[in-house]
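Okay, so here's the structure we're looking at.
The values are calculated or read from the model by the stated rules, or taken from the named source; none is laboratory data. Model, not experiment: these values are computed from the prediction. For neighbour counting, all protein chains shown are included, and Cβ atoms are generated from backbone atoms with ideal geometry for every residue, glycine included.
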Amino acid sequence: MEFRRAAAQTGGQLVEADVIGRPRGFIAQAHVHTAQIERHEVIAGAVAIAVGARERTLGSGEQIEIPAGAAHTQRAAGTGEGRLRIQLRPALRTEAFLERLAALSRAGRFTRAGYPKPVAAAELIRDFGSEGHAAQPPVPIQRALSAAILRGAALLDGAAGEYVFVDEWDVDAPIEAVFAALADGRTYPTWWRPVYLDVAAKGPPAVGRVSHQHFKGRLPYHLRTRSTVTRLEAPHLVEGTVEGDLRGRGTWTLSPAPGGTHVRFDWRVHADRPLLRRLTPALRPVFRWNHAWAIARAIEGLEPYAGRNAAPARTAAPVSSG
């Protein structure tokens with residue numbers, strides 16, 4: 001895929017990208033965009049697009065618009081690779097969804113036939129099902145199957161290195177300054193000490209931005225992770241996926257509180273490092289103590305840092321969401 005216009009460039013009105021190749025597997029199946037109008041324009045090659053029971057083959061220069069809520073498929077026609085320009089209005093979370101597909105691919109969570117593996121598919125239904133879904137089976141059945149798969153996975157993960165943490169506290173600083181500190185991981189080594197040793201990223205926070213972390217807790221081991229921002233809604237929410245020695249998802253949620261900001265951190269991760277995974281059954285309480293120690297350092301450092309940067313945060317431009 002080649003992105004031509006992102007949500008941040010259009011004020012969320014649309015996202016536009018070229019899809020190159022021959023669609024198969026997951027993306028070639030009948031699906032529905034609940035609240036988005038989708039426009040297809042063939043730039044090269046040919047594509048067969050079915051909307052409901054009617055199929056039309058489009059050649060170079062031809063286009064079609066698919067109304068929101070209509071089940072449709074797109075499949076390659078003719079020979080060779082094609083280039084199909086797609087446009088979705090409004091943009092909604094299309095970019096976050098596509099970034100998730102890329103992350104699943106990197107993690108080997110697709111089958112050889114091009115379909116998400118069961119737990120990955122269930123996570124897609126859970127996280128993006130309100131905006132789009134497969135045409136069949138009926139949506140209630142998809143949701144029920146997804147919930148059952150995730151419950152089963154959670155039971156297995158409970159004995160295989162999964163940790164779920166929820167931490168909340170109040171910060172005596174404006175919400176904009178707190179958001180700026182939490183959204184930009186490059187600030188962590190400054191205020192979240194001695195936990196974060198290094199964070200590297202190629203720019204300020206944005207949806208799809210990748211960063212690399214090197215950190216440690218009270219226990220005598222270091223961890224290295226790769227994080228991708230999946231949601232960025234200034235100044236209230238930051239969410240990202242994590243891969244590496246830990247795998248999972250973290251979400252910072254901010255809300256106004258008397259005299260400052262209420263912070264909630266939801267952290268759901270798996271200990272993928274072999275030693276941590278082997279020790280999980282015996283040392284789970286120790287690992288939880290280690291997490292509590294690290295969060296205590298965040299509580300100590302975030303408030304003074306955000307307080308010092310409160311004035312610039314009030315006048316700074318809003319953080320880009322795409």
Scan the stretch 1-19 residue by residue and report those that are assigned to a helix (DSSP H, G or I), within 19 Å of the chain's Cα centre (by Cα) and surrounded by fewer than 18 Cβ atoms within 10 Å (Cβ to Cβ).
Ala8
Does Leu84 meet the test of being touching a strand residue (DSSP E or B) at 6+ places or on another chain (Cβ under 6 Å) and not small (Gly, Ala, Ser)?
yes
Would you confirm, using the coordinates I've provided, whether Ala46 is in contact with a Ser or Thr (Cβ under 9 Å, 6 or more places away or on another chain), assigned by TED's automatic domain parsing to the domain that holds Gln87 and of a type in the set (Gly, Ala, Ser)?
yes
Arg75 vs. criteria part of a strand (DSSP E or B), assigned by TED's automatic domain parsing to the domain that holds Gly114 and at pLDDT below 90:
yes
Counting residues that are out of contact with any helix residue (DSSP H, G or I) (no Cβ under 6 Å at 6 or more places or on another chain) and assigned by TED's automatic domain parsing to the domain that holds His262, which strands (runs of 3 or more DSSP E) fully inside the stretch 99-212 reach at least 1?
162-171, 196-201
The residue from Arg186, Arg193, Arg231 that alone is at pLDDT below 95 and among the charged types (D, E, K, R) is Arg231
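Residues checked against (1) within 23 Å of Thr111 (Cα to Cα); (2) crowded, with 16+ Cβ neighbours inside 10 Å:
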| residue | (1), (2) |
| --- | --- |
| Gly21 | yes, no |
| Gly25 | yes, no |
| Thr34 | no, no |
| Ile37 | no, yes |
| Ala48 | no, no |
Tell me, please, whether a residue that is at pLDDT 95 or above and among the charged types (D, E, K, R) can be found in the stretch 22-33.
no
Among (1) over 30 Å from Asp245 (Cα atoms); (2) part of a loop (DSSP other than H, G, I, E, B); (3) without any contact (Cβ under 8 Å) to a residue 60 or more places away in the chain, Ala91 falls short only on (3)
Quick check, is Val171 among the β-branched types (Val, Ile, Thr) and surrounded by 15 or more Cβ atoms within 10 Å (Cβ to Cβ)?
yes
